Every structure is written in C-alpha cells, then in structure tokens.
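Notes for the one structure printed next.
The values are calculated or read from the model by the stated rules, or taken from the named source; none is laboratory data. Not measured: the values here are computed from a predicted model. Glycine gets a Cβ as well: all are built from the backbone with ideal geometry, and neighbour counts include every protein chain shown. In case anyone asks, the SASA skips ligands and DNA or RNA and just uses the protein heavy atoms, side chains included. Shrake-Rupley method; radii C 1.70, N 1.55, O 1.52, S 1.80 Å.
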Amino acid sequence: MTMKLLHLDASILGEHSVSRQLSAQIVARLRVLHPALEVVYRDLAAVAPAHLSPQHLAAFNGAEVGDPALQADLALGQACLDELLQADLLVIGAPMYNFSLPSSLKAWIDRVAVAGTTFAYGEAGPEGLLKGRRAYIASVRGGQYAEGTPEAALDHQERYLQDLLGFLGIVDVTVVRAEGVAMGESEKAQALADASARIAFLRV
C-alpha cells in the first residue's frame, strides 16, 4: 500500500529559508525509508487560504456564496483539508515569527481543524480523529527558546503546533530544531549541522 506524505512550507524567505531546507531534507529521508512514498507539496507562503471572515462563517453555515473570490478560497480550504485527511505522514516547515507561527500556517490550521472531521466533542471531551498519522516539524528560530533557556516561555511556535496536532489526534510528532540561526554564522552552521545529523538518523 502506497504511503502518502503532505509537505508544507510557510517561510517567506524562499531559497534562503532554513526551515525549507530542513523540511526538504526530512522528506528526502522519508523517501529513503519509504521508496514508494507519494508526496503532495503545498507552499503556504505562495498560496494560502485567506484568514477566516464573517463571510466564511456564513458559508460554513449554509449561506449562498455568490462571490467568485470567496468560492475559490473555500475550494482551496477544502483542498487543504482533503490533503491532510489523505496523508499518512505530515512534514511541516515551521519557522518562528514573533514567537509564533507564520500567519499563513495559522490560516491553514484554521481550515483543517474542523469539528466533526478532524476532531469531535463527546461525553469524555474532545477527541482527535486523525489518529495513526505521524508528523515531523522542521522548527527554526533566530534565537534560543528551547526548554531550559531564559526565553523558553516565549515559545508559542513548537508548543502550539504540537498541542494542535495532538488535539487532532496526531501524537507521534518528531521535532527537528535549528535554533540561534540569527545569532551569527558559526551558530547557524552548528544548528544546521546538528539538525541535519538528526534527520540522517530518522527511523521508521
């Protein structure tokens, strides 16, 4: 049975992006581990769903949609959801922007966190419906925010993304982190080397 992988990038830095570099390395490693892997790629910095609006909410509740731009955006949001539902593996290039995620990635999250489809509320509370999937996060920070550092409390990036994935039922999450990439060339080189070494030893 062919495994499917959804690869997301959100950095606005293009070829200069460290998170794009690391997410591509993770995908390449997973292709080695799963030779028949089918990959779907979405560049959220290039094309992302619009942020939710009252018009979106009305459409979700059955209102007629006459605006062609809104129709196209709703179709894009559905495509994002379908891609996630069909994926066995998820790779996310997630740089830290102002202590959190790029807004394009948050816009994607708002389209795939759908009650009754990716999570549900029951008598025992919320339940994630995407169980059995595995996620890999290529996390990049300009500074140092890992647990134990003075600025750790400012991490609303990795922690939020892991919590969100867990809420949707994806609890098998591997974080490959490169920190301090804006703190000097030697720090950046070391962070990249450490992250690349970890990727090389990823196992099934």
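What does the C-alpha gyration tensor say about the overall shape of the range 1-108? Classify as rounded when a/c is under 1.5, otherwise prolate if a/b is larger than b/c, or oblate.
Verdict is oblate for the range 1-108.
About its Cα centre, what dipole magnitude does the range 54-110 give when the only charges are +1 on Lys and Arg Cβ and -1 on Asp and Glu Cβ, stated in debye to the nearest 20?
The dipole of the range 54-110 has a size of about 220 debye.
Could you work out the relative contact order of the range 1-97? I mean the mean sequence separation of Cα pairs under 8 Å and 6+ apart, divided by the number of residues, in percent.
52 percent
How tilted is helix 185-200 with respect to the longest principal axis of the chain? Cα atoms for both, answer in degrees (0 to 90, nearest 10).
Helix 185-200 and the main axis of the chain meet at about 70 degrees.
List the residues of the range 75-101 whose backbone N lies under 15 Å from a point placed 7 Å from the Cα of Leu13 along the Cα-to-Cβ direction.
Inside the label zone: 93-101.
So how strong a dipole does the chain carry about its Cα centre when Lys and Arg Cβ are +1 and Asp and Glu Cβ are -1, to the nearest 20 debye?
560 debye
Below 30 Å, Cα to Cα, which lysines can Lys188 reach? Residues fewer than 8 away in the same chain don't count.
Lys106
Once you order the gyration tensor axes a ≥ b ≥ c over the Cα atoms, which shape class does the range 50-106 get: rounded for a/c under 1.5, otherwise prolate or oblate by comparing a/b with b/c?
Oblate, because a/c is 1.5 or more while a/b does not exceed b/c.
Using +1 at the Cβ of each Lys and Arg and -1 at the Cβ of each Asp and Glu in the chain, identify which of Ile199, Val112, Leu74 lies farthest towards the dipole's positive end.
Checking the options against the dipole of the chain, the answer is Ile199.
Tell me, what % of the accessible area of the chain is carbon and sulfur with a 1.4 angstrom probe?
C and S atoms contribute 56 percent here.
Per residue, how many Å² of accessible area does the range 66-204 show with a 1.4 Å probe?
48 Å²
Show that you can apply the helix-only estimate: for the chain, add -39,500 (n - 2.57) for every DSSP H stretch of four or more residues, divide by all residues, and state [θ] at 222 nm to the nearest 500.
Theoretical 222 nm ellipticity from helices: -12000 deg cm²/dmol.
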